[in-house]
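The structure appears below as structure tokens.
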Amino acid sequence: MKLVISFAILINVKLLTQQYIESKLTGASYEYDPTVNRWVGWIDGVKGVCAQAKTVEKARDELGKILEEHLMLSLADKSISLNQLYKKAASPFSRHAKTNFSKRIYQTT
């Protein structure tokens with residue numbers, strides 16, 4: 001049962017990711033750069049996400065891949081930050097911390 005639920009959540013996340021990427025690509029800007037003979041694409045409001053290619057279609061495809069990678073890295077970053085925050089918040093209550101705290105009390109009295 002857990003496996004089915006996890007698989008359903010994974011599919012839902014993938015669909016939401018694709019919808020987000022498609023919505024962002026709809027508002028993307030493209031410009032031809034004659035100095036490098038390539039199309040450059042970027043998304044306003046998303047820093048660091050831009051792509052270059054010989055055609056607009058390839059630039060759009062590349063932009064989608066870069067945006068997906070950017071999104072996954074951002075989510076991973078947030079996940080790591082939340083995990084570290086949880087560990088910091090939980091650490092004073094760990095068994096090891098309580099044992100050390102108890103030893104310090106007994107040593108000072």
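Of the peptides 70-78, 53-61, the ranking by mean beta-carbon count within 10 Å, highest at the top, reads 53-61, 70-78. Across segment 17-55, the residues whose backbone nitrogen lies under 16 Å from the label position 7 Å along the beta-carbon direction of residue 62 are 29-43, 48-55. The string of couplings for segment 50-67 from the Karplus curve (6.51, -1.76, 1.60, θ = phi - 60°) is 8, 8, 10, 6, 6, 10, 5, 4, 5, 5, 5, 4, 5, 4, x, 5, 5, 5 Hz, one whole number per residue in order, with x for Gly and Pro.
Listed by chain and number, the aspartates and glutamates whose C-alpha is less than 20 Å from the C-alpha of residue 54, apart from same-chain residues fewer than 8 away, are 31, 33, 62.
Protection proxy ranking, highest mean first, for peptides 43-52, 20-29: 43-52, 20-29, where packing is the per-residue count of other beta-carbon atoms within 10 Å, averaged.
Step through the table entries 58/78; 47/78; 24/78, compare each Cα-Cα distance with 25 Å, and write down the pairs that go over it. Going by Cα-Cα distance, 58/78 fall outside the 25 Å limit. Among 63, 16, the ranking by other beta carbons within 10 Å of each residue's beta carbon, starting with the fewest, stands as 16, 63. Once the other residues with Cβ under 11 Å from the Cβ of residue 58 are scored (Lys, Arg +1; Asp, Glu -1), what is the net sum? For residues surrounding residue 58, the net value is +1.
Taken together, the values in this text are just the output of simple stated rules run on the coordinates, not laboratory data. Quick caveat, the model's predicted, so the values are computed rather than measured. Here Cβ is always computed from backbone atoms with ideal geometry, including for glycine, and neighbour counts include all displayed protein chains.
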